[in-house]
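Down below is the structure, laid out as structure tokens.
Each reported figure results from applying straightforward, stated rules to the coordinates on display, with no laboratory input. Just so it is clear, the structure is predicted and the values come from calculations on it, not from any experiment.
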Amino acid sequence: MTDTNHNPWPDAAPGTVAVSGAGAAPLPQLINMHGHQIRSDEPVKSGGTDTGPDPYDLLLAALGSCTAMTVRLYAAQKQWPLTNVHVTLKHQKIYAQDCAECETKEGRIDQIDRVIRLEGALDDAQRKRLMEIADKCPVHRTLHSEVRIVTREDT
């Protein structure tokens, strides 16, 4: 049994994430991101113990935080009066046939709804440009690109 307060690996290098079980239950996980630790789990209704966000919540958090950072950095570079960015995200599975602009037409697809609230005395052109910049955040680009996952066993 893994001690939930013990770091089972040395600090992961930047750009590396290490995940390991967080006790006897199968779903809770400890996540180490170069010295930062968080937990992940599933809600009780899904068989977990609800000791942390589920994997899709973590994915949404990555997209939301990257979106806000990218928009804020752009506005700061332009010296625009953006004071804050709020990003709200929701993940759901939808039927592909209900998506007019999707290539896939059978089965279900993942849909992420993202709502961005920009605060500050921005004019319409600045707001429009910041919304365009939101789609340029690195995580958004990754989610829209071809992703190759290479899996191997650590022996």
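Kindly count the pairs of lysines across the chain whose alpha carbons are less than 23 Å apart, treating pairs on different chains or eight or more residues apart as eligible. Lysine pairs meeting both conditions in the chain amount to 9. Amide H contacts for Arg108 (H built 1.01 Å from N in the peptide plane; partners 5 or more residues away or on another chain; cut-off under 5 Å): Ala96. Seen against the Cα atoms of the chain and their longest principal axis, helix 55-78 is set at about 40 degrees. Here the chain is treated as a sphere whose radius is the Kirkwood value from Cα pairs; by Stokes-Einstein at 10 °C and 1.306 mPa s it diffuses with a coefficient of 86 µm²/s.
Computed from Cα positions, the angle between helix 124-134 and the longest principal axis of the chain comes to roughly 30 degrees.
When the chain is treated as a GNM with alpha-carbon contacts under 10 Å, the residue of Arg141, Arg108, Arg129 showing the greatest mean-square fluctuation is Arg108.
The length gained by stretching the chain between Asp110 and Asp50 to full extension, at 0.36 nm per residue less their Cα-Cα distance, is 19.3 nm. For the pair the range 8-84 and the range 132-151, the centres of their Cα atoms are 16 angstrom apart. For the chain, relative contact order (Cα pairs under 8 Å, six or more residues apart, normalised by length) works out to 15 percent.
Computed log10 I(q)/I(0) for the range 55-144 at 0.11, 0.15, 0.20 Å⁻¹: -0.36, -0.63, -0.94, from the Debye equation with unit scatterers placed on every C-alpha and solvent omitted.
When the Gaussian network model of the chain links Cα atoms closer than 10 Å, the mean-square fluctuations of Ile94, Ile133, Ile31 top out at Ile94.
Largest mean-square fluctuation among Lys78, Lys128, Lys45, in a Gaussian network model of the chain whose springs join Cα atoms under 10 Å apart, belongs to Lys45. Our summary gives the range 87-155 a relative contact order of 25 percent, counting only alpha carbon pairs under 8 angstrom and 6 or more residues apart.
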